[in-house]
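Below is one structure, written out as structure tokens; comments come after it.
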Amino acid sequence: MKNWLLAILLAWALPALALDTLTPAPPAGPAAREAPPTAADPEIEQRLVKLATDLRCLVCQNESLAGSHSELAEDLRREIRDQMRQGKDDNEVIAYLTERYGDFVLYRPPFKPVTWLLWLGPLLFLGIGLAIWYVVLRRRRAAAPDTVDASALAAAARILEEKSDK
Amino acid sequence: MKRWLPLLVFLILAGFLAKGLFLNPREVPSPLIGKAAPAFSLPVVGNAEAAFTPESMRGQVWLLNVWAPWCVACRQEHAFLMQLARSGAPPIVGLNWKDKSREADALLARTGNPYRAVPDDLDGRVGIDYGVTGTPETYLIDRDGIVRLKHVGPIDESAWNKKFEPKLKEIGT
């Protein structure tokens, strides 16, 4: 049964294998539509990718500007590339984008009054948690004082003694 | 009281989540509000020799509507824009955004043209200057060339009455 299946699969795959070896590689140049050529300057391309990973694509909002295939993302990458070529540094490029699209393009929003709650929120909740913990512990300690009466202790000791004797 | 505390916390949380559910993530607050509309000069669709600049609209309140022939929501909006244009509302300028197929002229001739002018932003650079993320988007610009309002998505009767009318009253037309 298994061999039979394998044979069928092989027979089905063989033409594909053959095709793979026979088909010439697609010609390089403008005819090949895949992967548009990156900028001539690999250094700028590296900076672009590094910067754009931390920027939000505004069309597909959960994608970074570096990874998005949307047309707007492509345009913005082109714009960033142009600005880098003009010698602008990363901060200037970010300022250019936030002037137009607001802080929303930044995956790491800046620390300013409107974002205080965002940045300090986790600390705030940690503080609330610690406060609740402290209060609960104190109450528990106050509610259960160590008062074991002497007769009960004696009874326990007697029982233990009896057990160990056996 | 103590017994109701978890329920209370749950209700507050549910309230926030419900609110979040009905927010539109496309409504990104525009940093352009209250600032001067970015200057540009673009050729006009149907008349390559003429150029449009926002400067030429100084002294009047106007709408900059970003649209494209390939945009489906813009067609939906088109009827309302036609109605606006007839009603003597502020003049509308239609920024033709990234229209690679060059269809704007023919489309407007066929379906009617609500625009005072149609500047042609083929490579989308002016769109980027205005913070356009998609079509349609509409900006309300006052007499001094200051952007007063940005609306994302097609304008319809309710958006007009809720957002544009009050702003227009505030500006005083």
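Read-outs: derived from the displayed coordinates by stated rules, not from any lab. Since this is a predicted model, take the numbers as computed values, not measurements. Positions of Cβ are generated from backbone atoms using ideal geometry, with glycine treated the same way; all protein chains shown enter the neighbour counts.
Just to be sure before I move on: is B:G127 of a type outside the set (A, V, I, L, M, F, W, C), under 19 Å from A:L76 (Cα atoms), out of contact with any Cys (no Cβ under 9 Å at 6 or more places or on another chain) and in a helix (DSSP H, G or I) in the structure I sent?
Numbers: of a type outside the set (A, V, I, L, M, F, W, C): yes; under 19 Å from A:L76 (Cα atoms): yes; out of contact with any Cys (no Cβ under 9 Å at 6 or more places or on another chain): yes; in a helix (DSSP H, G or I): yes.
It is true that B:G127 is of a type outside the set (A, V, I, L, M, F, W, C), under 19 Å from A:L76 (Cα atoms), out of contact with any Cys (no Cβ under 9 Å at 6 or more places or on another chain) and in a helix (DSSP H, G or I).
Consider region B:139-155. How many of its residues are under 13 Å from B:N65 (Cα atoms) and either within 8 Å of chain A (Cβ to nearest Cβ) or in contact with a helix residue (DSSP H, G or I) (Cβ under 8 Å, 6 or more places away or on another chain) (or both)?
Matching residues across region B:139-155 total 7.
Scoring A:E92 on the criteria (1) more than 10 Å from chain B (Cβ to nearest Cβ); (2) within 26 Å of B:A37 (Cα to Cα); (3) touching a residue at least 12 places away in the same chain (Cβ under 8 Å) leaves a single failure, condition (3).
Among the conditions (1) part of a helix (DSSP H, G or I); (2) surrounded by fewer than 16 Cβ atoms within 10 Å (Cβ to Cβ), the only one that B:G88 does not satisfy is (1).
Name the residues in region B:120-137 that are closer than 21 Å to B:G153 by Cβ and more than 14 Å from chain A (Cβ to nearest Cβ), would you?
Within region B:120-137, the subset closer than 21 Å to B:G153 by Cβ is B:121, B:124, B:126-137.
Within region B:120-137, just B:P136 meets the criteria.
Table: residues versus (1) within 20 Å of B:T133 (Cα to Cα); (2) among the hydroxyl-bearing types (S, T, Y); (3) away from chain B (no Cβ under 13 Å).
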| site | (1), (2), (3) |
| --- | --- |
| A:S68 | yes, yes, no |
| A:L106 | yes, no, no |
| A:G127 | no, no, yes |
| A:A143 | no, no, yes |
| A:R158 | no, no, yes |
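Of all the residues in region A:39-59, those that are touching a strand residue (DSSP E or B) at 6+ places or on another chain (Cβ under 7 Å) and among the polar types (S, T, N, Q) number 1. For region A:74-81, indicate whether the set of residues that are of a type outside the set (D, E), within 13 Å of another protein chain (Cβ to nearest Cβ) and under 22 Å from the mean Cα position of the chain (by Cα) is non-empty. Checking region A:74-81: at least one residue is of a type outside the set (D, E), within 13 Å of another protein chain (Cβ to nearest Cβ) and under 22 Å from the mean Cα position of the chain (by Cα). With respect to the conditions (1) crowded, with 16+ Cβ neighbours inside 10 Å; (2) among the polar types (S, T, N, Q); (3) within 14 Å of chain A (Cβ to nearest Cβ); (4) farther than 25 Å from B:G34 by Cβ, B:N96 lacks only one, and its number is (3). Considering only region A:52-67, state which residues are within 18 Å of A:Y96 (Cβ to Cβ) and assigned to a loop (DSSP other than H, G, I, E, B). A:T53, A:D54, A:C57, A:L58, A:L65, A:A66 - these are the residues of region A:52-67 that are within 18 Å of A:Y96 (Cβ to Cβ) and assigned to a loop (DSSP other than H, G, I, E, B).
From the list A:Y107, A:Y101, A:Y96, A:Y134, the one residue that fits, being loosely packed, with under 12 Cβ neighbours inside 10 Å and within 30 Å of B:A68 (Cα to Cα), is A:Y107.
Answer yes if at least one residue in region B:105-113 is buried (at least 22 other Cβ atoms within 10 Å of the Cβ), over 14 Å from the mean Cα position of the chain (by Cα) and either more than 14 Å from chain A (Cβ to nearest Cβ) or part of a strand (DSSP E or B) (or both), and no otherwise. Working first, answer last.
Going through region B:105-113, the residues buried (at least 22 other Cβ atoms within 10 Å of the Cβ) turn out to be none.
No: region B:105-113 contains no residue that is buried (at least 22 other Cβ atoms within 10 Å of the Cβ), over 14 Å from the mean Cα position of the chain (by Cα) and either more than 14 Å from chain A (Cβ to nearest Cβ) or part of a strand (DSSP E or B) (or both).
Look at region B:148-173: where a residue is in a helix (DSSP H, G or I) and a partner is of a type in the set (D, E, K, R) and buried (at least 16 other Cβ atoms within 10 Å of the Cβ), sitting 6+ places away or on another chain with Cβ atoms under 7 Å, you get B:K167/B:R148; B:I171/B:D142; B:I171/B:R148.
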